[in-house]
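Notes follow the structure.
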Amino acid sequence: MGTSGTVSAAGRAGNSDALEHLARVGLIAYGVVHLLIAWLALQLAWGGGGGSADQSGAMATLAAQPFGTPLLWVLAIGLLALAVWQLAVVLRYRGALSGSGDARKNAAVKVGKAAAKTVVYVFFAVTAIRFATGGGQSSSGQEEQTVAGVFGWPGGRYLVGAAALVLIGVGVYHVHKGLTRGFLKEIDTADASAGQRRVIERLGQLGYPAKGIALGVVGGLIGWAAITFDPEKASGLDGAMHTLLDAPFGQALLTLVALGIAAFGLFYFARARFPQRT
């Protein structure tokens, strides 16, 4: 099959009604995970935290509920559908990468974003599957082990530093996206009422900067580990939440970030209701 055939197949996959319905489930699943992370972060802020305030803590919370295992499988299937949806975007614009000028630049941006989202959705889906099959565990300490392993590679310290810069960049991008309302390009609100559009806009304005701050802190912690050549300094989202809590006015700051992450989760519910037509 040639490039045109591949792109045509990608277009059919991306426009499949069945895949769109599954992708809606995935958008809701992604929102649910962020709502659970926000709840765990609020518990941490107010002294009742017991689980990791990250994706593993969210999945563990679901696994402990009645019917938790079937729910985790639903989440995993929906998130994998989202990944396939994004892969369709990659295939659709792949041919344009050989072009020139603005068309090539636009294709590169779309392919890069879609590829990054694919990785994130697959990661969350795999985490859900692990907990659904009883093999899930807290992410506490995993970042430290990963960074320690990378430090052993040739140029590993610089690779860790580069990963930190990428995370910080993604965090800044999320903040910018929230402040400039760039998130509105990801949702089709043509059929929404004026009131619904206002709510969706507020959720994005709160949610994206909050998630950006959290990602930026994660990147900062990993970057500090690279600078000090100490893997114990590296930490994931749960560590970032603890770092925020330990900052001046930490309880209030962590509470605001948690509420923002909850808004981010609700924004994904809105995306499921009014999905972008790709």
The condition of being crowded, with 17+ Cβ neighbours inside 10 Å, of a type in the set (G, A, S) and without any contact (Cβ under 8 Å) to a residue 24 or more places away in the chain holds, among A60, A96, A114, only for A96
Report yes if some residue within the stretch 188-198 is out of contact with any Ser or Thr (no Cβ under 6 Å at 6 or more places or on another chain), in a helix (DSSP H, G or I) and buried (at least 19 other Cβ atoms within 10 Å of the Cβ); otherwise report no. no
Picked from the stretch 222-236 (must be buried (at least 24 other Cβ atoms within 10 Å of the Cβ) and assigned to a helix (DSSP H, G or I)), the residue nearest to the chain's Cα centre (by Cα) is I222
Original post:
Quick one: would you say A18 is in a helix (DSSP H, G or I), surrounded by fewer than 24 Cβ atoms within 10 Å (Cβ to Cβ) and at pLDDT below 90?
Top reply: yes
Sole miss for L35 among (1) open to solvent by 30 Å² or more (accessible area, probe 1.4 Å); (2) of a type in the set (A, V, I, L, M, F, W, C); (3) more than 23 Å from V119 (Cα to Cα) is condition (3)
Expected single match for of a type in the set (V, I, T) and in contact (Cβ under 8 Å) with a residue 60 or more places away in the chain among V109, V84 is V84
For the stretch 129-161, the count of residues that are within 23 Å of A225 (Cα to Cα), within 19 Å of the chain's Cα centre (by Cα) and in a helix (DSSP H, G or I) equals 2
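The values are calculated or read from the model by the stated rules, or taken from the named source; none is laboratory data. In this text the structure is predicted, and so the values were computed from the model without any measurement. Neighbour counts run over all protein chains shown; Cβ positions are idealised from the backbone, glycine included. For the accessible areas, the whole protein counts, side chains as well, though only heavy atoms, and no ligand, DNA or RNA atoms are used. Shrake-Rupley method; radii C 1.70, N 1.55, O 1.52, S 1.80 Å.
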